[in-house]
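Asks: Have a look at the structure that comes next, please.
The values are calculated or read from the model by the stated rules, or taken from the named source; none is laboratory data. Given the structure is predicted, the values throughout are model-derived calculations rather than measurements. Backbone-built Cβ (ideal geometry, glycine too); neighbour counts: all protein chains shown. Ligands, DNA and RNA are excluded from the accessible area calculation, which covers all protein heavy atoms including side chains. Shrake-Rupley method; radii C 1.70, N 1.55, O 1.52, S 1.80 Å.
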Amino acid sequence: MKAARLKSLKNLEVVEMDKPELQAGEVLVRVKSGGICGTDMHIFAKENAFSHHLGHELSGEVVENRSEEYDFKQGDRVVIDNATNCGVCKFCKNGQLEYCSDIRNLLMEERLSFQEYVAVPARSLYKFEDLSFQAAALAEPFTVALEMIATAEVEAGQDIAVFGPGPIGLMAAAYARHIGVNKIYLTGRSHSKKRLELGRKIGVDEIIEVDQEDTVEFFKERNLKLDRVLITAPPYTIKDAVQILRFGGILTYIGFSFDGRENVELNFNDIHLNKLQIRATHAIPNRFFPAALENIKKGVINAEDFISREFMLADVQKAFEFTLDNETIKTLINID
């Protein structure tokens, strides 16, 4: 089979490999489409980033099922959960799946990538119908957005900010609008024209261009405090977020820095006296694939709005270069 492999920094090749051997309890999936994640771009382009094969936002169809417990048939259309809770540890049994102590992480096992076939545990698959493989490939990043919404306890009637107009931030904003939040403020840089334009189309109320206007001053001048802040930007932005939260406010964040700015100095007296909560999340394990797929089907996010460009596997190097050099929302790799 053909598979994309990173040979060196910014150097991907399509190589020939043996098709994965299927073990008991596993399903062989022919990959049809997959999205390039921001994490993939870190690994592709940055020194000292963590490492695993590139490509984990995958959709495909079942080729063979060696699981007696799960009823997957040849031709079933599926998405792949890249990190699955065990279902039997004390946290899972107590209904706290997000704190599973024995997560099956297919990224770290290097089971997943932009390649023709993957062999995965049957419990890591979700069926879907009435969606293209390309639209279904958006489900994985949407689960991350839904995880942020759940972790921050976003509810109708609240005033929220989303820091960062990447795919996850925009999906979170779209879902927040869908469930009836009162006001949505989106932050981003002025050069992110397509992303900010999509934010407007989604229905955010105001956009703060952080290279043109100070975020904290924006809210201070308007005497505004927010119920929730969702950060899909580097960790240094946490410092601004805690200053614009109301008493009892919550922020959640997902984002990385590898340049020293991951070290953030905060005034914990202010955090304590204002009863603020800071909650990290990264959707490992994934909890919301069925909800993500259903909401894509409903049009809560429009797949056409989020897919910037599609490439074939043979052009995977061009796909990553394009994503690195251009403003995109989501670049897809189609396997066949």
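Asks: With respect to the numbered conditions (1) under 30 Å from Cys86 (Cβ atoms); (2) part of a loop (DSSP other than H, G, I, E, B), which one is the sole condition not fulfilled by Ala291?
Replies: (2)
Asks: Taking region 239-265 as the search range and keeping residues that are at pLDDT below 95 and small (Gly, Ala, Ser), which one is surrounded by the fewest Cβ atoms within 10 Å (Cβ to Cβ)?
Replies: Gly260
Asks: Follow-up question, since we're still on this one. From (1) under 25 Å from Ile43 (Cα atoms); (2) open to solvent by 20 Å² or more (accessible area, probe 1.4 Å), pick out the condition that doesn't hold for Lys298.
Replies: Evaluating Lys298 over (1) under 25 Å from Ile43 (Cα atoms); (2) open to solvent by 20 Å² or more (accessible area, probe 1.4 Å) leaves (1) as the failure.
Asks: Separate question: Under 8 Å between Cβ atoms, which residue pairs at least 6 apart in sequence (or on different chains) link something in region 163-180 that is under 10 Å from Phe142 (Cα atoms) with a partner that is of a type in the set (S, T, N, Q)?
Replies: Final answer for the pair search is Ile168/Thr232; Gly169/Thr232; Ala172/Thr232; Tyr175/Asn295.
Asks: List the residue pairs whose Cβ atoms are under 9 Å apart, where the first residue sits in region 205-226 and is under 20 Å from Leu170 (Cβ atoms), the second is assigned to a helix (DSSP H, G or I) and charged (D, E, K, R), and the two are 6 or more positions apart or on different chains.
Replies: Ile207/Arg200; Val210/Asp240; Thr215/Asp240
Asks: List pairs: first residue in region 95-120 and closer than 21 Å to Arg279 by Cα and hydroxyl-bearing (Ser, Thr, Tyr), second residue modelled with pLDDT of 95 or more and open to solvent by 60 Å² or more (accessible area, probe 1.4 Å) anywhere in the structure, Cβ distance under 7 angstrom, at least six positions apart or on different chains.
Replies: Tyr99/Phe91; Ser101/Phe91
Asks: With respect to Phe268, determine if the residue is farther than 20 Å from Leu170 by Cα, surrounded by fewer than 20 Cβ atoms within 10 Å (Cβ to Cβ), aromatic (Phe, Trp, Tyr) and in contact (Cβ under 8 Å) with a residue 40 or more places away in the chain.
Replies: It is false that Phe268 is farther than 20 Å from Leu170 by Cα, surrounded by fewer than 20 Cβ atoms within 10 Å (Cβ to Cβ), aromatic (Phe, Trp, Tyr) and in contact (Cβ under 8 Å) with a residue 40 or more places away in the chain.
Asks: Quick one: Tyr117 ticks every box in (1) buried (at least 18 other Cβ atoms within 10 Å of the Cβ); (2) out of contact with any Asp or Glu (no Cβ under 8 Å at 6 or more places or on another chain); (3) within 19 Å of Arg287 (Cα to Cα) bar one, so which box is it?
Replies: The one condition Tyr117 does not meet is (3).
Asks: Go through region 15-29 and report how many residues are surrounded by 17 or more Cβ atoms within 10 Å (Cβ to Cβ) and in a strand (DSSP E or B).
Replies: Residues in region 15-29 being surrounded by 17 or more Cβ atoms within 10 Å (Cβ to Cβ) and in a strand (DSSP E or B): 4 in total.
Asks: Out of region 80-110, which residues are open to solvent by less than 60 Å² (accessible area, probe 1.4 Å), charged (D, E, K, R) and part of a loop (DSSP other than H, G, I, E, B)?
Replies: Asp81
Asks: Can you spot a residue in region 50-58 that is without any contact (Cβ under 8 Å) to a residue 40 or more places away in the chain and closer than 21 Å to Pro285 by Cα?
Replies: Yes; the residues of region 50-58 include at least one that is without any contact (Cβ under 8 Å) to a residue 40 or more places away in the chain and closer than 21 Å to Pro285 by Cα.
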